[in-house]
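The values are calculated or read from the model by the stated rules, or taken from the named source; none is laboratory data. Owing to the predicted nature of the structure, the values given are computational and were not obtained by experimental measurement. Glycine also receives a Cβ, built like all others from the backbone with ideal geometry; neighbour counts cover every protein chain displayed.
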Amino acid sequence: MKLLDAVLPPDHNIYAFSDTHEEYIGCADDKLDEFITTVHDDPIGYSMFGGDAFETQYVSHKYYDPVTIKKDVSSGNPTIAAAQIERSAERHRPIKDKLLAWLIGNHELRVIGIVNLGLNLMKEIGRPEIYAGYSCKLAIKDDKGRTRYKIYSNHGKNIAESRAGTERQREANRAASLQRALAPIYGDCIVMVMGHTHRLIVVKPIRRLYLVDDGRKIKQKYITTKPSDDYIDPENRYYINSGSFFRSQMLDIDTYAERAMYPPTEMGYAKIIVRDYQVVDVEKVT
């Protein structure tokens with residue numbers, strides 16, 4: 001786990017994305033390039049990546065299928081790690097100065113004993129200081145060096161798939177599972193993010209009413225939290241499952257996701273909207 005920090009202006013947007021699976025035929029290259037353009041063109045936009053940038057299917061892996069791996073144009077063979085890093089660096093270089101954190105996921109861990117794809121990618125684009133391994137805490141600071149709020153990010157794990165009777169119930173249960181997975185890990189983060197599942201989920205704080213009196217009248221108030229508090233009530237945080245750029249179903253190709261009967265998920269990312277160092281909203285973008 002890494003501790004990172006970034007000095008940002010009072011008003012900013014942070015785009016949380018993950019699970020791009022570059023070099024796999026199911027990577028939605030057009031959507032990913034569109035996302036990078038969006039971040040690049042946002043004058044107050046920044047971004048953080050939550051892992052699984054590369055597919056890394058080695059030949060003995062159970063999902064290995066040469067048909068689904070992108071090929072080198074000249075040789076027609078699956079690309080080697082160095083070529084994959086070079087291509088990914090070319091893609092992300094336009095937003096390199098807007099990147100705040102770069103994580104690896106379980107796919108990069110498959111080959112971590114041979115090559116650290118995430119670290120080498122960040123070296124290639126000149127930002128090794130934001131390489132964060134599998135998880136990090138990101139402290140957002142003002143120009144006086146004061147921490148205004150924190151984000152926790154972890155590549156994540158599978159969360160329980162709901163078997164409830166209706167989609168409305170299943171959606172609520174998935175949101176509860178996401179909060180249950182993230183909330184106990186750190187207490188001082190107003191935003192908590194994970195990837196891995198390819199689901200795009202945003203759980204927002206809930207307004208909780210309580211009553212007080214001033215000796216003459218009863219008044220209503222709501223439980224509130226300052227984003228810079230040492231402990232932030234779990235119900236006052238934002239929880240994000242950061243989606244993917246992975247097409248699980250394709251014509252004339254049997255992806256491993258299709259063979260495993262994984263349900264379709266929304267492609268997209270989350271946009272964290274901050275004004276005057278207050279997280280005012282998190283939007284799902286598909």
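Answer yes or no: is there a residue in segment 103-121 that is closer than 30 Å to residue 275 by Cβ and surrounded by 17 or more Cβ atoms within 10 Å (Cβ to Cβ).
The initial filter retains those residues of segment 103-121 that are closer than 30 Å to residue 275 by Cβ, namely 103.
When the remaining residues are screened for being surrounded by 17 or more Cβ atoms within 10 Å (Cβ to Cβ), the result is 103.
Yes, there is a match, as at least one residue in segment 103-121 is closer than 30 Å to residue 275 by Cβ and surrounded by 17 or more Cβ atoms within 10 Å (Cβ to Cβ).
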If residue 206 satisfies all but one of (1) touching an Asp or Glu at 6+ places or on another chain (Cβ under 9 Å); (2) in contact (Cβ under 8 Å) with a residue 60 or more places away in the chain; (3) of a type in the set (Val, Ile, Thr), what's the number of the condition it fails? (2)
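Given the condition over 21 Å from residue 189 (Cβ atoms) and not hydrophobic (A, V, I, L, M, F, W, C), answer yes or no: does some residue in segment 227-247 qualify?
Narrowing segment 227-247 to residues over 21 Å from residue 189 (Cβ atoms): 244-247.
Subsequent filtering for residues that are not hydrophobic (A, V, I, L, M, F, W, C) retains 244, 247.
Yes: segment 227-247 contains one or more residues that are over 21 Å from residue 189 (Cβ atoms) and not hydrophobic (A, V, I, L, M, F, W, C).
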Listed by first then second residue, the pairs whose first member lies in segment 156-185 and is more than 15 Å from residue 202 (Cα to Cα), whose partner is surrounded by fewer than 12 Cβ atoms within 10 Å (Cβ to Cβ) and modelled with pLDDT under 90, with beta carbons under 9 Å and at least 6 positions apart or on separate chains, are 161/263
Looking at segment 241-265, I want the residues that are of a type in the set (A, V, I, L, M) and have a partner that is surrounded by 12 or more Cβ atoms within 10 Å (Cβ to Cβ) and outside any loop (DSSP other than H, G, I, E, B) with Cβ atoms under 7 Å, at least 6 apart or on another chain. Which pairs are those? 253/68
Within segment 29-38, is even one residue at pLDDT 95 or above, more than 21 Å from residue 195 (Cα to Cα) and not hydrophobic (A, V, I, L, M, F, W, C)? yes
Please indicate, with yes or no, whether at least one residue in segment 46-59 is surrounded by fewer than 21 Cβ atoms within 10 Å (Cβ to Cβ), small (Gly, Ala, Ser), under 21 Å from residue 131 (Cα atoms) and within 17 Å of the chain's Cα centre (by Cα). no
Residue pairs meeting the criteria (Cβ under 7 Å; at least 6 apart or on separate chains; first within 15 Å of residue 47 (Cα to Cα) and touching a residue at least 24 places away in the same chain (Cβ under 8 Å), in segment 115-132; second of a type in the set (Phe, Trp, Tyr) and surrounded by 18 or more Cβ atoms within 10 Å (Cβ to Cβ)): 130/102; 131/102; 132/102
Take residue 7 and decide whether it is within 17 Å of the chain's Cα centre (by Cα) and more than 22 Å from residue 81 (Cα to Cα). no
So which residues in segment 175-203 are of a type in the set (Lys, Arg) and surrounded by 14 or more Cβ atoms within 10 Å (Cβ to Cβ)? 199
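Just a yes or no: is a residue in segment 142-151 of a type outside the set (A, V, I, L, M) and under 17 Å from the mean Cα position of the chain (by Cα)?
As a first pass, look at segment 142-151 and keep what is of a type outside the set (A, V, I, L, M): 142-150.
Now drop any that are not under 17 Å from the mean Cα position of the chain (by Cα), which leaves 150.
Yes.
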Got at least one residue in segment 254-265 being surrounded by 15 or more Cβ atoms within 10 Å (Cβ to Cβ), of a type in the set (S, T, N, Q) and more than 21 Å from residue 204 (Cα to Cα)? yes
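Determine, yes or no, whether residue 69 is out of contact with any helix residue (DSSP H, G or I) (no Cβ under 9 Å at 6 or more places or on another chain), in contact (Cβ under 8 Å) with a residue 40 or more places away in the chain and either of a type in the set (Val, Ile, Thr) or closer than 24 Å to residue 238 by Cα (or both). Give the derivation first.
On the way: out of contact with any helix residue (DSSP H, G or I) (no Cβ under 9 Å at 6 or more places or on another chain): yes; in contact (Cβ under 8 Å) with a residue 40 or more places away in the chain: yes; either of a type in the set (Val, Ile, Thr) or closer than 24 Å to residue 238 by Cα (or both): yes.
Criteria met by residue 69.
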Which residue is surrounded by the fewest Cβ atoms within 10 Å (Cβ to Cβ), if the candidates are limited to segment 13-45 and must be within 21 Å of residue 153 (Cα to Cα) and in contact with a Lys or Arg (Cβ under 7 Å, 6 or more places away or on another chain)? 45
